[in-house]
Each structure stands twice: as structure tokens, then as C-alpha cells.
Amino acid sequence: MTKILVYAVSFLGVIVSSATAEVLPQQGSLSDLKIPQFIDIAHRGASGYVPEHSQASTVMAHAMGADYIEQDIQLTRDSVPVVLHDEVLDYITDVSQVFPEKHRPDGHYYVVDFSLAELKQLSITPRHKDYELVYPKRFANTEVRFPIQTLDEQLKLIHELNRTREKNTGIYVEIKSPRWYQQQGYDSTAAVMSVLAQNGYHDIMATPIYLQSFDPEVLRRLKREFNWEQPLIQLIGDNDWGMSDVDYSSMRTSAGLEAVKSYAEGIGLWLSHALEGVKEGQPQWSTVLDTADKKGLDVHVYTLRADDLPEGVESHSQLRQWLRAAGVEGAFTDFPDQK
């Protein structure tokens with residue numbers, strides 16, 4: 001990674017392309033500054049415009065020129081990998097209307113309690129909580145039907161879009177909650193790897209691909225048991241989320257990132273762990289970016305939202321440009337067209 005000062009970009013008035021690195025001409029005391037290649041990862045597809053992980057979201061992200069399209073994976077009762085972010089269906093589907101009694105004692109409707117045939121009766125809805133839209137300015141019409149997609153269906157769709165549009169858009173797969181699924185008696189990692197193998201992800205990859213997980217043991221297992229040689233990304237969350245017993249604060253230290261380097265090619269870093277604030281119009285970066293640079297780890301930041309920007313950031317495009325100038329290799333975004 002090539003780190004450069006953010007003010008250099010604004011000083012030189014640089015406009016960069018996401019496709020290739022560019023060398024800036026000498027000007028003043030700055031010379032031969034390089035902007036690293038930067039990948040745009042469509043976060044759950046073009047989820048800023050249509051419901052996340054829907055077929056429409058995938059098609060729109062592809063048309064908008066995303067370099068990769070994210071695929072979050074949950075499992076059905078019959079062990080089929082489906083593309084959904086949450087373990088529960090409550091906030092992203094119409095499940096309470098279609099199967100009102102099919103919830104657990106805690107009141108939640110878990111994906112793993114439904115067969116694929118049952119899930120196909122549902123429609124993906126705009127994300128909601130307590131009957132309120134999480135992003136009220138986004139797609140809101142619940143009468144438009146968006147069926148739940150399997151990983152197999154999504155892969156075939158992207159492959160065909162690549163063929164007809166002569167593109168090489170990649171996939172970015174997250175194996176969600178593997179330990180929780182293990183407690184339910186399922187092996188989500190093996191299920192995902194089986195579908196990938198069936199769709200041409202062998203020695204010669206059908207498309208570019210990243211695999212990611214918040215669980216380091218999943219990534220180690222991919223190398224150890226499945227002999228996976230494509231890039232792996234260790235997602236780093238926040239301990240306050242209470243999502244696992246992994247100490248993510250320690251993982252962001254020099255020693256922690258050194259350990260990550262032993263099994264992964266990069267880290268998926270929460271935006272708030274990268275951008276600590278904006279002071280006098282300039283971004284203030286966390287030291288974790290430099291530490292990852294020194295360890296030779298790529299950094300992909302999540303998540304950029306044009307309708308939910310950090311304080312002091314004027315636009316999605318500005319935030320993306322700042323990240324790129326800081327040496328970040330890529331970012332997850334709900335708005336893959338806003339470069």
C-alpha cells in the first residue's frame with residue numbers, strides 16, 4: 001500500500017479512476033505520488049436503491065460498475081445457502097404475514113427453521129424495525145415482490161451478466177455466524193464451499209472472489225481443510241456489538257494484525273475504526289491503517305452510505321476519495337454508482 005497525505009489530493013485537484021493507479025505530475029514539493037488501485041464492493045448489491053440482496057440489487061450493482069458484489073450467506077433448514085444478511089427474517093422479509101406462527105419462543109423467525117420452498121414464498125422487503133423503515137428515503141414499496149435468492153442462483157446470475165456485458169465482476173462472500181450454525185447442527189462453511197465448487201470455483205476461478213468472515217477459525221479452516229488459495233479477508237467488528245467472543249480490539253493492534261497476516265490477505269475494517277473524525281475539513285485516520293500497511297495487509301472499509309455519512313463528511317464521493325488517498329484498497333458501499 002502506498003500511503004499519502006490526504007491534503008495532497010485536494011491540493012493537486014486530482015481526479016482518479018477506480019480502474020488503474022495513476023501517477024501524479026510533480027508540482028511544488030510533491031512528486032510521483034501514486035493513488036493505489038481501489039475496488040468498489042457493492043454492499044448487499046446496490047442496496048441504497050433496491051432491497052438488499054435481491055436479484056434486482058445484484059443486477060443494478062453489476063450495471064453500475066461494481067468491482068465485486070457481496071453475498072452474505074445464511075442456511076435453510078435443508079442446508080441450502082441463501083443470500084441474506086440476518087440470521088432472522090424479521091427485519092428484511094414479510095415472514096410475519098406469510099408464516100405468523102412459525103417463530104421461536106423468543107419471537108424471532110430464524111432462516112434455518114424454514115425450508116427453501118418455504119423461503120421462496122416470502123418477499124424481501126426494505127429493511128425495517130419496529131414497523132419503521134431504517135432508511136426511509138430508500139425503496140419503500142412493499143407491494144413489489146423480491147424473492148429470496150440462493151447462492152447458486154446469484155452466482156449463475158452474475159456469471160451470465162459477465163458474459164453478456166463482457167465484464168469480470170467478482171463476488172465477495174461472507175460466511176455468516178458459523179459458530180451459531182454449528183450449535184444448530186449445520187456446517188455453513190462446507191455448504192458454501194460445495195456451492196462454489198459446483199459453480200466453477202476450482203483451480204481456475206469462475207470470477208474474481210474474496211471470502212470473508214468475522215470468525216478467524218473459519219478462515220484458517222478454509223486454508224487447512226479446503227486448501228483455499230484465493231484471498232481471505234478477516235472482518236473486524238467492535239467488541240460492543242457482542243457478536244462473538246473474539247477480541248476485536250486486540251485484533252486491531254500490531255500483534256493482532258501480525259496474527260491475522262498468518263492466514264488472511266486483508267482485513268475488513270469498520271468505517272468508524274478507520275476514520276476517527278474530521279477536523280478543519282480534513283479526515284483524522286486511525287493508526288490501524290498504517291499498522292495494516294506495515295504488515296502488508298489490504299484494507300477494505302465497510303460501509304459507505306450516501307444517506308448516512310459520518311459527521312464532517314460532505315458527500316459519499318468525498319469519503320470514497322479520502323479513503324482511497326489514505327491507502328485503503330477498497331470499500332463496501334450501498335451506492336456503487338457514486339464514485
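The values are calculated or read from the model by the stated rules, or taken from the named source; none is laboratory data. The structure presented is a predicted model; accordingly, all values stated were derived computationally and were not measured. Note that each Cβ is placed from the backbone with ideal geometry, even for glycine, and that neighbours are counted across all protein chains shown. Accessible surface is based on the protein model in full, side chains and every heavy atom, while ligands, DNA and RNA are left aside. Shrake-Rupley method; radii C 1.70, N 1.55, O 1.52, S 1.80 Å.
Numbers at a glance
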quantity: Potential lengthening between Gln198 and Ala140 on full extension [0.36 nm per residue; Cα-Cα distance subtracted]; calculated: 17.3 nm
quantity: For segment 147-268, accessible area per residue (1.4 Å probe, heavy atoms of protein chains only), Å²; calculated: 46 Å²
quantity: Rounded, prolate or oblate (a/c below 1.5 giving rounded, otherwise prolate when a/b exceeds b/c) for segment 190-248 by Cα gyration tensor; calculated: prolate
quantity: Prolate/oblate/rounded call for segment 233-280, Cα gyration tensor, a/c under 1.5 rounded; calculated: oblate
quantity: Two-site FRET efficiency, Met205 against Glu280, from Cβ-Cβ distance with R₀ of 41 Å, rounded to 0.05; calculated: 0.35
quantity: Whole-percent carbon and sulfur share, accessible surface of segment 79-177, 1.4 Å; calculated: 50 percent
quantity: Linear extension gain, Ala63 paired with Lys261, 0.36 nm per residue minus alpha-carbon span; calculated: 67.9 nm
quantity: Reciprocal of mean inverse Cα separation for the chain (Kirkwood radius, Å); calculated: 20.9 Å
quantity: Relative contact order (%) - criterion: Cα under 8 Å, at least six apart; region: segment 149-258; calculated: 22 percent
quantity: Carbon + sulfur, % of accessible area of segment 293-339 - ligands and nucleic acids excluded, 1.4 Å; calculated: 39 percent
quantity: Calculated FRET efficiency for the pair Arg220/Gln37, C-beta based, R₀ 41 Å, to 0.05; calculated: 0.90
quantity: Residues with amide H under 5 Å from that of Phe146, placed H, sequence gap 5 or more; calculated: Ile124
quantity: Taking segment 171-325 and dividing mean pair separation by its residue count, relative contact order in percent (alpha carbons under 8 Å, at least six apart); calculated: 16 percent
quantity: Burial ranking of peptide ranges 307-316, 247-256, 226-235 (average Cβ count within 10 Å, highest at the top); calculated: 226-235, 247-256, 307-316
quantity: Integer Hz, Karplus 6.51/-1.76/1.60 couplings in order for segment 205-211, x for Gly and Pro; calculated: 6, 5, 8, x, 8, 10, 10
quantity: Formal net charge of residues neighbouring Ser249 (Cβ-Cβ distance under 14 Å; K, R +1; D, E -1); calculated: -3
quantity: Relative contact order, percent, the chain [alpha-carbon distance under 8 Å, six or more residues apart]; calculated: 20 percent
quantity: Equivalent ellipsoid dimensions for segment 122-173 as semi-axes, Å, which come from the Cα gyration tensor, largest first; calculated: 29, 12, 11
quantity: Order by protection proxy (mean Cβ within 10 Å, highest first), peptides 190-197, 130-137, 64-71, 102-109; calculated: 64-71, 190-197, 102-109, 130-137
quantity: Equivalent-ellipsoid semi-axes of segment 103-230, from the Cα gyration tensor, Å, largest first; calculated: 28, 22, 14
quantity: Counting DSSP beta bridges with both ends in the chain, the antiparallel % (nearest 5); calculated: 35 percent
quantity: Calculated FRET value between Asp245 and Ser96, using beta carbons and R₀ = 22 Å, to 0.05; calculated: 0.10
quantity: Calculated on alpha-carbon atoms, Rg and Dmax of segment 228-339 in Å; calculated: 14.0, 45
